[in-house]
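What follows is one structure encoded as structure tokens, with my remarks underneath.
Just so it is clear, none of the values below were taken in a lab; they were calculated from the coordinates. Worth saying up front: this structure is predicted, and the values here are computed from it rather than measured. All Cβ positions, even for glycine, are placed from backbone atoms using ideal geometry, and neighbour counts span all protein chains on display.
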Number of protein chains: 4
Amino acid sequence: MNFASDNWAGATPEVMAALARHNDGYSPAYGGDPLSLSVAQRFSELFERGVEVWFTATGTASNSLGLAALSRPGGVVFCGEDAHVHTDESGATEFQSGGMKLVPLRSPLGLIDAGALATALGKHPVGGRSIPVALSLTNATEWGTVYGVAQVAELSAMARAGGLKVHMDGARFGNAVAALGVTPAELTWKAGVDFLSFGATKNGCWAAEAIVVFTPGLLGDFEPRRQRAGHTFSKARFVAAQFEGYLEQDNWLRRAGHANAMSERLRAGIRASSVARLGWENTANEVFAVISKAALARLRAAGGAAHEWPSDGLAADETLVRLVTSWATTEADVDGFLGVL
Amino acid sequence: MNFASDNWAGATPEVMAALARHNDGYSPAYGGDPLSLSVAQRFSELFERGVEVWFTATGTASNSLGLAALSRPGGVVFCGEDAHVHTDESGATEFQSGGMKLVPLRSPLGLIDAGALATALGKHPVGGRSIPVALSLTNATEWGTVYGVAQVAELSAMARAGGLKVHMDGARFGNAVAALGVTPAELTWKAGVDFLSFGATKNGCWAAEAIVVFTPGLLGDFEPRRQRAGHTFSKARFVAAQFEGYLEQDNWLRRAGHANAMSERLRAGIRASSVARLGWENTANEVFAVISKAALARLRAAGGAAHEWPSDGLAADETLVRLVTSWATTEADVDGFLGVL
Amino acid sequence: MNFASDNWAGATPEVMAALARHNDGYSPAYGGDPLSLSVAQRFSELFERGVEVWFTATGTASNSLGLAALSRPGGVVFCGEDAHVHTDESGATEFQSGGMKLVPLRSPLGLIDAGALATALGKHPVGGRSIPVALSLTNATEWGTVYGVAQVAELSAMARAGGLKVHMDGARFGNAVAALGVTPAELTWKAGVDFLSFGATKNGCWAAEAIVVFTPGLLGDFEPRRQRAGHTFSKARFVAAQFEGYLEQDNWLRRAGHANAMSERLRAGIRASSVARLGWENTANEVFAVISKAALARLRAAGGAAHEWPSDGLAADETLVRLVTSWATTEADVDGFLGVL
Amino acid sequence: MNFASDNWAGATPEVMAALARHNDGYSPAYGGDPLSLSVAQRFSELFERGVEVWFTATGTASNSLGLAALSRPGGVVFCGEDAHVHTDESGATEFQSGGMKLVPLRSPLGLIDAGALATALGKHPVGGRSIPVALSLTNATEWGTVYGVAQVAELSAMARAGGLKVHMDGARFGNAVAALGVTPAELTWKAGVDFLSFGATKNGCWAAEAIVVFTPGLLGDFEPRRQRAGHTFSKARFVAAQFEGYLEQDNWLRRAGHANAMSERLRAGIRASSVARLGWENTANEVFAVISKAALARLRAAGGAAHEWPSDGLAADETLVRLVTSWATTEADVDGFLGVL
């Protein structure tokens, strides 16, 4: 009954198996190994396009290094007001970029409001002292919601019309794709996304992330940037192997689909409950529920875990909890939680 | 017969076992998990002192984040002229510190010359426009040599007298300790070292490094610094587990001792050879040998690997090669190489 | 009739005289000259307290270097949503600080809302991933309004209770002091301000700014920070001399008072006008007026100047203009403008 | 008899006159004023080519902002081992560039050794972890020597062949041009220089420097870079006016020629002296002389000034002093010094 976060789980059996499979023998360091090259090629197949891939081991590294590669003096990046890049990375993008500014936009339920983007674009004119360089979307969002293809395309088109590049923070990209039933290509470059932080850690790896660049060259001479940030791994096959296990046989989608299904099972139970209610509806692997403080206490007493979330307008004995499901969540976990309620 | 680098090997069985052992179940993210805490405690035992430990996954991250924590406007760091921090990290320390300057010192066979340090200290007076903040020593060095305890103590004392902190880049710390037969404490804080980049990747982990701070608090509020650099891992137990396997039952020393022994076997063979000679004598797990270009070609033809190294004063048909041994090197590898000669 | 900005005027006669007076002979470079030292001492008298003074030549330098001196990984600075530091300095504070984040707060008519500050403080808790380090107030504000002593004290007290330092951007500090009729001390350290960007350029110097630190030592070892940013002037007396002319005989207050009076004369005329109206009431040397586009065209045809300002809710033939008065503005300028209306 | 530095003098009468001449009336801020534009145009005439000009107020700003505009991750800049950018700017270039490394080259008497440059270029190969981006030459050098056109051309050609851009730190550019009797064009772009820090402060301005870019566009979108560093002046005409007075009627060359002549008068006197000797011969406005400590004491007792310089191999009662002449130095100053000897 641990719903604290999807990053509290370990690695999937297929990822562990791939690590074991590639452990023997010698392999060139720093990414020049055959496995890294073949896994990078796998991304081009997955995205139906020749892509450039840079492996890292944390989502913060992917987001901040990718955005920093677009940096320029006076540059600004638009993002959601609750975006992970803005609120949870200790200023990583500002730091890696040498001082770019993140401008948060109104984003109800985590989804950037198109009107807010239009206003922001108007406020940062050509020749001014803050030069927009990128729009960053998180998909699935921090609120468990998902941008559909049309929404991504609308925001991307507005950004591109203003000369911005479009970044997608896909720490839970698998959950978004699984929730929508679209292809990775449809949700990214076909909808105007220039580069993607493709996250695999939360969905079953130990520490495996990839920056997928849909227009090779967009991020410039990236290897020295990654290296000076300390994100070039000597035993690079350890990231590549995780990805091999993650991507083969569509494991990533199957695992993400499972996490989503577990969250839907939670939502269904809560919808049916007389003592709890959903904070809002959503489709990815997070559930936000208003429950009684007593129920939360019971959950914890039973060894379960869930984080409380700030919220206004609740009754004194209520609290909003975030419940995150993962590849490791079982039906028994879900039913156990519903039982505790 | 692969002697390209110790980071071309994989992970040891004990490290793989520890990863598997700790894969199940849920664990708090970002380093608050019981395993991370217990492994950190293990370092205090190892170093016979209450130490502060920050896990990272690359040596560049450890070196640059640690040194950057001491940064100040106008600050400079003294290091060896061939130090990894100076020549192989794409300016990581300069970047992480917001522009500190690395001042390389004359360092024959990788060992900083005490006279050069004295001169440098004299050239950077109080009130000047470059303010020394740290001395960085690499041990074992990039040339396969090892600073003894007395040498570390001498350089540290000079640095400390000038108000500098002393950093040791221990990417091959295990090899140094094993070569000297001293304790980790004797080679570090007892000899004046303030903090250590304790490397484990080269000696048998996938990606496991630790910044060991002998005076807790020296590096300030370090967690936000690590986080904004993208080096705080969500599934932090994956680093901690590697260290558990690495440190238990003195595996790290045993593995390092083996690598050193294999290099000594190489050196002995080369000393006895009439067609090759040692570039210089040393005791850690690197061997620098002058061989014929024909022998190198034969090695490569046989599937072996070794990097050529720049060198003056060789005959036209000679080359200097660096041969690195690791936990994975076998006697057969060594003897195979000697046979190829 | 030039109301484009107070930085479109030249230097006052007294500033020119001081430059001429101190031009002859030799003087130590980089701020060690007797004039720099005596003028710094003059600030302690002016502020009734032993203060630390750092001269610069631009307001952006003062703001960004001062705030950067407080920087830390993950650090954030709260400021008004239209604050010069946030919107007009091309990310100077983010850059100088190595990536601190500026968090804009709701600030009607340029004045930070106390409730917004309270909310922001609550949102950035201890242990989180954005650590508030400073509150920056602009006084007089970018909207021509002025924080009174009580308002400064209220916001400062809230900030200090949260462990923040308080910065005042005083690019138009003279206008604020003159408008309020208080002492410099009352409007700053007695009201909780820790350091002040004391601007003199707009109010009659060429390029003279000072960072006034009310708790000496607060900004650390500042000289290397200023030097590496290129803001330490070799012929430092050129800034000090400007300040001598600026401060002697209360010229600065007299000049600022004149500018304020000219703006009040403008406001009075506009209040009495049937064809124009004030955007809002204020007391410093900026006037925001809604006038007809035809009147603006007439002004420009007559050689006058004023910037249009973004505004909602105007009639189609109206525009909001910002009229800035300075030490050089004459009654004839004002009356000329009113005549054009 | 003040020979401490040329930056201990004030501004020339022609510079003061230009400031006074342009003080009246209103002028657009931030460099859009007619004077700034016309003075920029003057540089194109001076250099016989359409150049791009960026005004700053310190040499450190010019050097560091210009070099930083070429920065890239892993980038390095080659410079002389005693270059001002390396030893006297508190790490300004490292800071402004976000961590570029300055690699000092052997430079006897301040002149970079071509062989040392060749070696350095060879040590930083394509694909390595330090990517050379620029060569920085100081002319006149910090040792009072001057690179001739052929020397500049030789070093520039080597650098350009390696893909580097060539920067000239011309803090004493006027002294170099005057000493050589060449045109500004011949000493810069015709000899392979890409951009120049054109210094005017030392040679008679208050605070006036210009980055002259011989290939417009080379430094990218420079204005936001200058602005975020706090080096865009609101009352920009104050820099432009200084340059107007400096450049008109070849004042800059006349003043520099005078300073050089005064230094030659010093050198001649010292050559003829039996109690002093030249440290080395040179032609720009610095003289390095070995004198007795007693003579230095007499100079100081008489109100004179000169800095001692580190030197090996002197007798116990000797010292090496640096004597800097300027536009303000008189024959009486020189003769007074020689008399004190």
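For this structure, a couple of remarks:
- Percent antiparallel among DSSP beta bridges (both partners in the stretch D:12-250, rounded to 5): 35
- Straight Cα distances below 23 angstrom link C:K235 to the lysines C:K202, D:K202, D:K235, with same-chain residues fewer than 8 positions distant left out.
- Diffusion coefficient, µm² s⁻¹, Stokes-Einstein with Kirkwood Rh over alpha-carbon pairs of the stretch D:1-136 at 37 °C and 0.692 mPa s: 183
- Relative protection proxy for A:299-305, A:240-246, A:61-67, from highest mean packing down: A:61-67, A:240-246, A:299-305 (other beta-carbon atoms within 10 angstrom).
- Shortest first, A:A316 label-point distances to identical copies amount to 5.8, 8.9, 9.6 nm, with the label point at 7 Å from Cα along Cα→Cβ.
- Nearest-0.05 FRET efficiency for D:R254 and C:Q41, computed from C-beta distance (R0 41 Å): 0.60
- Karplus 3J(HN,Hα) series, Hz, for the stretch C:139-155 with 6.51 cos²θ - 1.76 cosθ + 1.60 (x for Gly, Pro): 9, 4, 7, 5, 9, x, 8, 9, 6, x, 4, 5, 5, 4, 4, 5, 5
- Counting, for every residue in C:67-75, the Cβ atoms of other protein chains within 10 Å of its Cβ and taking the mean gives 5.
- Alpha-carbon centroids, the stretch A:234-299 and the stretch A:38-100: separation in whole Å: 24
- Of the trypsin sites (Lys or Arg not before Pro) found in the stretch C:99-135, those that fall in a DSSP loop while having at most 16 other beta-carbon atoms within 10 Å are C:R106.
- The lysines within cross-link reach of D:K190, meaning a Cα-to-Cα straight distance under 22 Å and a gap of 8 or more places when in the same chain, are D:K165.
- At 7 Å out from Cα toward Cβ: B:L218 inter-copy label distances (nm, ascending): 3.2, 4.3, 4.4
- Kirkwood hydrodynamic radius of the stretch D:175-245, from inverse mean 1/r over distinct Cα pairs, in Å: 13.8
- Neighbouring partner chain Cβ atoms per residue of A:54-61, average, 10 Å criterion: 4
- Working from label points 7 Å from Cα in the Cα-to-Cβ sense, the A:V182 to B:R106 distance is 6.5 nm.
- Inter-copy spacing of B:S273 label points, which lie 7 Å from Cα along Cα→Cβ, given in nm from shortest upward: 6.3, 7.1, 9.2
- Residue of C:G128, C:G99, C:G148 that the Gaussian network model of chain C assigns the largest fluctuation, springs spanning Cα pairs under 10 Å: C:G128
- Pairs of Cα atoms nearer than 8 Å and 6+ residues apart set the relative contact order; for the stretch B:235-341 it is 30 percent.
- Annotation: for a label point projected 7 angstrom from Cα along Cα→Cβ of D:S273, residues of the stretch D:304-323 with backbone N closer than 11 Å are D:319-323.
- Inter-part distance where the stretch A:15-34 and the stretch C:184-207 are each reduced to a Cα centre, Å: 61
- Ordered by the count of other Cβ atoms within 10 Å of each Cβ, fewest first, A:V239, D:V149 give D:V149, A:V239.
- Charge tally in the Cβ shell below 11 Å around A:W327, where Lys, Arg are +1 and Asp, Glu are -1, A:W327 excluded: +1
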